[in-house]
Amino acid sequence: MSWSILAALTLALCVAVLTLWKRRVDRAELDRELGEREKAKAQNTHRARLQYPQVDLSQCIGCGSCVSACPEDGVLGLVHGQAVVLHGARCVGHGRCADACPVGAIAITLGDLRERRDIPVLTEKLEATRVPNLFLAGEVTGYALIRTAVSHGTSVADEIGRRVARARRTEPAPSDVLDLVVVGAGPAGLACSLQAKVRGLRFVTLEQSDLGGTVSKYPRRKLVMTQPVELPLAGTLGRSTYQKEELVELWTRVAREQQLPIQTGEAFQGLALFEDGTFQVRSTSGAWHARHVCLALGRRGTPNKLGVPGEELAKVAYNLLDAHSYTDRRILVVGGGDSAIEAALGLAEQPGNVVTLSYRQGVFTRLKTRNEARLLEAVQRKRIELALKSRVERIEPATATLVFDDGARRVLDNDEMFVFAGGQAPQALLEQVGVSFDPAERAPGLPIQEQGTGLFRALLIALFLTLMTVSWTFVFRGYYGLDAHERPFAREHAWLKPTSFIGLMLGVAATVCVLGNLSYLARRWPRFDRIPGSLQQWMTAHVATGIGALLFALVHAAMAPRHTVGGHALWAMAFLVVTGAIGRYFYAFVPRAANGRELALDEVKTELTQLSGEWDRQRPEFAQRVREEIQRLIAEGRWQGSFAARWIALLRSQRRLSASLVRLRVAGAREGLASEQLDALVAIARRAQRTALMAAHYEDLRGLMSSWRWFHRWVALAMVLLVALHVLTALRYASFGGS
Ligand SMILES: Cc1cc2nc3c(=O)[nH]c(=O)nc-3n(C[C@H](O)[C@H](O)[C@H](O)COP(=O)(O)OP(=O)(O)OC[C@H]3O[C@@H](n4cnc5c(N)ncnc54)[C@H](O)[C@@H]3O)c2cc1C
């Protein structure tokens with residue numbers, strides 16, 4: 001007995017220590033993720049440019065599969081145990097997070113389009129709502145990815161093909177009018193051109209640069225991730241990754257073999273509409289008369305120029321294709337975004353290069369974490385020289401002159417210059433040709449809640465199995481109602497006892513279900529992402545096999561588990577089902593509430609910024625002091641290390657709040673603030689503190705509840721061991737068929 005007490009105490013202490021340690025790790029992680037969220041907002045990288053993951057917090061179970069599946073840096077993070085978008089602008093829309101989500105809680109969409117003034121308003125067929133027969137395809141529509149671009153281009157050409165075929169039935173086209181002008185030869189324009197050829201259309205493709213679009217501008221050997229897609233006349237691009245060169249080579253070969261009429265070096269400049277509804281398409285070297293136009297011009301637009309003397313020199317470039325081609329060169333890179341930093345880092349790695357990075361700001365504010373760290377290291381190792389707060393003033397064949405904010409000038413020896421100063425988005429050009437960007441003209445999108453499929457199928461299967469079990473026990477209720485010592489004398493005992501043929505088969509079915517159930521864990525591992533079936537389907541199987549295993553084991557045990565290894569395995573299974581259900585349904589509520597408070601806190605901070613912003617000009621010190629005081633209120637009590645310290649902080653919080661409010665009122669009155677302004681300030685301070693505390697305490701509650709996951713895992717392990725032991729014992733000692 002005393003041994004049992006000692007063992008129980010040791011176990012309880014181990015669990016307590018592990019749980020507390022896990023909480024500490026979790027809180028540190030949360031602290032980091034919230035900091036990253038703040039940073040994203042400060043850098044303005046929290047807003048997505050194109051489609052991005054939208055997480056349905058009522059479904060998210062916080063497993064983190066989406067975070068590990070995302071190939072980009074810092075797009076998603078776990079905040080209060082749920083997936084939250086941190087740096088939305090870094091998302092290129094791969095959709096891996098949605099595939100990886102086992103409960104279908106993520107949809108890749110453009111978000112709330114009522115807010116977006118940078119996404120064109122189009123019909124379902126990608127036609128401009130205000131200009132009939134003018135189509136858009138690919139990234140210019142707001143949807144990124146090569147696969148989307150290819151399918152857009154193909155479907156636009158199909159639609160135009162149908163319209164042209166209809167028109168030709170009534171009137172033959174005049175020979176000087178083209179059926180279609182395609183603008184852009186990226187994946188969207190290329191697919192559109194190939195499908196136009198399939199459809200027998202008379203068309204021309206205008207491309208201001210080279211075939212391949214954005215892909216041809218990726219750095220050398222960049223791995224491009226894509227999903228299978230059918231490229232007209234070229235077959236299926238079936239692999240999930242390609243090297244950039246492979247794709248561009250493939251597209252160039254197909255264009256050559258199919259003799260596509262692609263005019264490179266020809267920039268589209270605008271459209272005019274004739275009275276008969278046909279278009280005059282203006283380009284740099286002429287005009288084209290066409291019935292339909294497909295603008296597949298991407299979103300990168302035309303690179304911004306510096307507008308300084310000497311910029312026309314051949315040594316000035318606006319992208320870097322291959323850093324390896326530059327060695328022993330004196331290079332100036334201009335810009336402060338990720339492209340500039342990646343180019344500078346790539347060039348600095350080549351032997352003999354002397355690289356200077358010129359940026360007009362004093363700090364880099366919108367870099368990927370990885371790039372920021374690499375840049376810092378390269379500067380420390382003197383591989384890159386930084387010229388902050390500087391602009392290029394003049395470019396000569398062998399030099400470049402920088403002028404600094406303080407008026408100083410520096411003449412650099414220079415062989416090559418790479419300028420990454422952003423680009424002119426094609427929006428102005430599109431608006432000019434009549435494409436609308438007015439959100440009011442857009443059809444409302446589907447709410448995300450309708451997109452997750454949840455676990456309906458799994459529960460349906462589980463319900464079916466449960467009903468079968470209930471029917472079975474009802475039919476044999478006479479036997480199952482007997483006491484254990486009476487059963488051997490019952491007629492049904494020969495075939496309902498655990499060691500009968502039926503009993504054994506049920507035991508085997510339960511074991512198979514357990515194995516199937518565990519394979520979900522393997523599938524969740526990124527290393528096994530090639531196992532067929534989506535994670536969501538595997539989650540469905542996980543739930544169904546979990547409940548199935550319990551039911552089969554229950555009938556195998558003749559509805560009367562005993563104090564044996566097998567009986568304990570059955571209780572462990574039952575416990576697993578309960579903790580699983582808690583995880584799936586009840587656990588999601590609290591993190592959602594915590595994240596709701598974080599959103600409310602964001603709103604309070606925005607109000608504070610607006611209010612204090614009004615004072616920034618006349619009372620800058622006071623405005624700063626207000627912000628700091630309220631930030632302190634938010635932080636105090638929120639980031640205490642231990643649970644006890646947080647409760648003490650809660651008890652003290654009222655006193656701290658009162659003291660802060662007095663300080664703010666006194667300082668405000670001294671600054672001559674009107675009483676309404678003082679009241680608004682006090683209200684914001686109160687709300688900020690209350691909301692921050694609520695978020696922190698929901699997080700504590702979540703922490704307590706999240707222990708289910710630990711129990712779930714440990715009990716799962718115990719259950720597997722018990723099942724294995726039960727099977728071995730049965731094989732070794734049981735007399736099958738005996739009583
Ligand atoms: C860094 C980065 C990494 C990416 N990684 C991936 C990835 O791994 N997988 C993936 O699927 N997607 C990826 N993408 C997205 C993908 O590259 C784009 O979604 C895709 O190239 C869009 O194709 P598009 O044909 O619509 O436009 P683009 O490829 O941009 O092509 C547009 C073409 O139009 C031309 N053009 C523009 N204006 C004019 C004009 N006025 N006159 C004539 N021609 C004009 C341009 O020169 C260009 O050739 C990535 C994007 C970036 C920036």
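Values in this text are rule-based calculations from the coordinates and carry no lab data. The model shown is predicted, which means the values in this text are computed figures rather than measured ones. Here the Cβ is made from the backbone with ideal geometry for all residues, glycine too, and neighbour counts use every protein chain on show.
Some notes on this structure:
- Selected from Phe364, Leu678, Gln243, residue furthest toward positive end of dipole (the chain; charges at beta carbon): Leu678
- In a reduced charge model with +1 at each Lys and Arg Cβ and -1 at each Asp and Glu Cβ, the range 303-424 shows a dipole moment near 320 debye about its Cα centre.
- ³J(HN,Hα) computed for each position of the range 610-621 - Karplus, 6.51 cos²θ - 1.76 cosθ + 1.60, integer Hz, glycine/proline x: 5, 5, 6, x, 5, 8, 4, 6, 8, 10, x, 5
- To the nearest ten degrees, helix 338-348 and the longest principal axis of the Cα atoms of the chain are 80 degrees apart.
- Using C-alpha pairs below 8 Å separated by at least 6 residues, the relative contact order for the range 303-424 is 36 percent.
- Placing +1 on each Lys and Arg Cβ and -1 on each Asp and Glu Cβ, with no other charges, gives the range 2-117 a dipole about its Cα centre of roughly 280 debye.
- In sequence order, calculated HN-Hα J values of the range 85-91 (Karplus, 6.51, -1.76, 1.60; Hz; x Gly/Pro): 6, 9, 9, x, 5, 7, 7
- Remark: relative contact order (the chain) = 12 percent; criterion is Cα-Cα distance under 8 angstrom and separation of 6 or more residues.
- Taking a quarter of the surface of the Cα convex hull of the range 202-256 gives a mean projected area of 4.3 nm².
- The range 134-301 - percent relative contact order, Cα under 8 Å, separation 6 or more: 31
- In a simple Cβ point-charge model (Lys, Arg +1; Asp, Glu -1; nothing else charged), the chain has a dipole of about 2000 debye relative to its Cα centre.
- The Rg/Rh ratio for the range 378-428 is 1.06, where Rg is the radius of gyration of the alpha carbons and Rh is the Kirkwood radius.
- Protection proxy ranking, peptides 474-483, 241-250, 334-343, average beta carbon neighbours within 10 Å, highest first: 334-343, 241-250, 474-483
- Calculated [θ] (222 nm, deg cm²/dmol) that DSSP helices of n ≥ 4 give over the chain, each run adding -39,500 (n - 2.57): -16000 deg cm²/dmol
- Among the cysteines of the chain, those whose beta-carbon sits 4.7 Å or more from every other cysteine beta-carbon are Cys14, Cys60, Cys63, Cys70, Cys91, Cys101, Cys192, Cys294, Cys513.
- Degrees, to the nearest 10: 187-198 long Cα axis against longest axis of the chain: 80
- From the C-alpha gyration tensor of the range 134-301, square roots of 5λ in Å: 27, 17, 13
- Of Met705, Val177, Cys70, farthest towards positive along the dipole that unit charges on Lys, Arg, Asp, Glu beta carbons give the chain: Met705
- Each principal axis of the range 516-655 carries a Cα extent, and these read 81, 40, 22 Å when sorted largest first.
- Counting other Cβ atoms within 10 Å as a rough exposure proxy, the listed residues Met559, Met417 run Met559, Met417 from fewest neighbours to most.
- Peptides 300-308, 74-82 ranked from most to least packed by the mean count of surrounding Cβ atoms within 10 Å: 74-82, 300-308.
- Scaled radius of gyration (Cα, divided by 2.2 N^0.38 Å) that the chain gives: 1.22
- Pairs with C-alpha atoms separated by more than 23 Å, drawn from the list Lys22/Lys368; Lys389/Lys605; Lys244/Lys305; Lys305/Lys389, are Lys22/Lys368; Lys389/Lys605; Lys244/Lys305.
- Along the axis of the charge dipole computed for the range 259-308 (Cβ charges of +1 for Lys and Arg, -1 for Asp and Glu, origin at the Cα centre), the listed residues His289, Thr264, Pro303 are led at the positive end by Pro303.
- Nonlocal amide H pairs with Gln424, under 5 Å, H built at 1.01 Å: Thr302, Asn304
- Taking the fewest neighbouring Cβ atoms within 10 Å as the starting point, the ordered list for Lys41, Lys222 is Lys222, Lys41.
- Translational D in µm²/s for the range 2-117 (Stokes-Einstein at 37 °C, 0.692 mPa s, Kirkwood Rh from C-alpha pairs): 206
- Average projection, convex hull of the Cα set of the range 303-424: 7.2 square nanometres.
- Per-residue packing, averaged as other Cβ atoms within 10 Å, sorts the ranges 223-233, 100-110, 669-679 into the order 100-110, 223-233, 669-679, beginning with the highest.
- Rotationally averaged projected area of the range 218-294 (alpha carbon convex hull; nm²): 7.0
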